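The structure under discussion appears below in the form of structure tokens.
The values are calculated or read from the model by the stated rules, or taken from the named source; none is laboratory data. Keep in mind that what you see is a predicted model, and the values were worked out from it rather than measured. Because the Cβ atoms are built from the backbone with ideal geometry, glycine has one as well, and the counts that use them run over all protein chains shown. Keep in mind that these areas ignore ligands, DNA and RNA; they rest on the heavy atoms of the full protein, side chains included. Shrake-Rupley method; radii C 1.70, N 1.55, O 1.52, S 1.80 Å.
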Amino acid sequence: MKSTGLVYHDSYLRHYTGRGHPERAERLLAIMKKLDAEGITRSVELLSPLKASREQIGYVHQGAYISKVEVMSARGGGMLDADTPICPDSFEIALLAAGGVLKAVDTIMEEPTMKHIFALIRPPGHHATPSRGMGFCIFNNIAIAAEHLKREYGIKRILIADWDVHHGNGTQEAFLNDPSVLYFSLHQYPYYPGTGWLTEVGKGAGEGYTINVPLPAGTDDAGYLYALNNLLVPVAREFKPEFVLLSAGFDPHIDDPLASMKVTSHGFGLFTDVIKEIAAENSNGRFVMALEGGYNLSAIAESASAVFHSLLSETEAEHREAPTPAEVVKSRVEEVREVVSRYWSMI
Ligand SMILES: [Zn+2]
């Protein structure tokens, strides 16, 4: 088996969100077309997902909410919130999306040569809370995979990094009290969904295990790299995750129609280098990415390609003498560092 994999299924295209909705099937088609054209689909292991079971969805979501989605789908569809339509197939496809990340983590746990897998799934998941779907998300794919790693394999420390431009409120809520899952989010702030300020650090036993880096609109590659290198890298060194998960949204891209960040496609490859290195240092390379947002078709195709180039590269990442970030980003990172240093000594 190769060391880099990709999870995909044509059924992901059947989650229909209605005309003009930004979270649409064409997103995955654009990414797959680009990966095919570049020969990437031939260089990686292609993996096909199975549907997550109701029990596995229940690791994170309340039974009443799971039933609500099932019934709404069976009755022909409806709206989970103002942004989150579901169609007759959506329940089954949301099970297959969660199952896509489960397939990725199972493959890595069972195949010692496999290190990195990108699950190209939809609907996305990081806004889905235990009790409700929102922001285009039905079930929290990455949170379910983290719980699966804990329950099925006894993994004790999991890092979930999240560079989607929106704060992953659902993932944060799922692990707010849980010190076995370190949630680290970079996001535009203030912005949808409104959560993710730097004082949100987790609760009870989980205090210190939620790290929010609210970045100003206009943050570019240099700003993201600065935050990753100065916050995530030192904390990860101390936390020593046994498995690294990443919510990979491509909506911080400069061409994204919804958000206002200035990340380039190349930048996502550099961010992947950083997180791949964290995995190499701490988790024997074990690293799974799950697609979240990103709404400009050519931007997400190019960004996904840059990510795979990083994952497939055997050589050490190019050194990251990143250009100096904007002062507003630097001072925000300092504010976060002040909060985080109460819990982590290496920072
Ligand atoms: Zn997003």
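The table below lists the values:
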{"quantity": "FRET efficiency estimate (nearest 0.05) - Cβ-Cβ, residue 266 to residue 327, R0 25 angstrom", "calculated": "0.60"}
{"quantity": "List 2, 240, ordered by accessible area with a 1.4 Å probe, largest first", "calculated": "240, 2"}
{"quantity": "Most to least accessible of 14, 122 (protein chains only, probe 1.4 Å)", "calculated": "14, 122"}
{"quantity": "Solvent-accessible area, 1.4 Å probe, carbon plus sulfur percent, for the stretch 4-340", "calculated": "50 percent"}
{"quantity": "Förster radius 22 Å - calculated FRET efficiency between residue 203 and residue 345, Cβ distance, rounded to 0.05", "calculated": "0.55"}
{"quantity": "Pair residue 46, residue 229: separation of 7 Å Cα→Cβ label points (nm)", "calculated": "3.8 nm"}
{"quantity": "Sequence of 347, 31 from largest to smallest accessible area, 1.4 Å probe", "calculated": "347, 31"}
{"quantity": "Residues listed by number, the stretch 99-116, amide nitrogen under 15 Å from residue 312 label point at 7 Å toward C-beta", "calculated": "116"}
{"quantity": "Heavy atoms of residue 35: accessible area, 1.4 Å probe, square angstrom to 10", "calculated": "0 Å²"}
{"quantity": "Total charge dipole magnitude, the stretch 73-119, about the Cα centre, Cβ charges on Lys, Arg, Asp, Glu only, Debye to nearest 20", "calculated": "20 debye"}
{"quantity": "Net dipole in debye of the stretch 4-340 [+1 Lys, Arg Cβ; -1 Asp, Glu Cβ; about Cα centre; nearest 20]", "calculated": "740 debye"}
{"quantity": "Most positive-pole-ward Cα, 73, 205, 187, against dipole of the chain from beta carbon charges", "calculated": "73"}
{"quantity": "1.4 Å probe accessible area per residue over the chain, in Å²", "calculated": "37 Å²"}
{"quantity": "Backbone N within the stretch 96-116 under 13 Å of label point (7 Å from residue 55 Cα along the Cβ vector)", "calculated": "none"}
{"quantity": "Most mobile of 49, 112, 124 in a GNM of the chain (Cα contacts under 10 Å)", "calculated": "112"}
{"quantity": "Most to least packed among 228-239, 86-97 [average Cβ atoms within 10 Å]", "calculated": "86-97, 228-239"}
{"quantity": "Estimated [θ] at 222 nm from DSSP helical runs (n ≥ 4, -39500 (n - 2.57)) normalised by residues in the chain, nearest 500", "calculated": "-11500 deg cm²/dmol"}
{"quantity": "Dipole of the chain, positive direction: furthest Cα of 339, 303, 59, with charges on the beta-carbon", "calculated": "59"}
{"quantity": "Highest to lowest packing among 52-59, 339-346, scored as the average C-beta count within 10 Å", "calculated": "52-59, 339-346"}
{"quantity": "Antiparallel content of DSSP bridges confined to the stretch 4-340, in %, to 5", "calculated": "10 percent"}
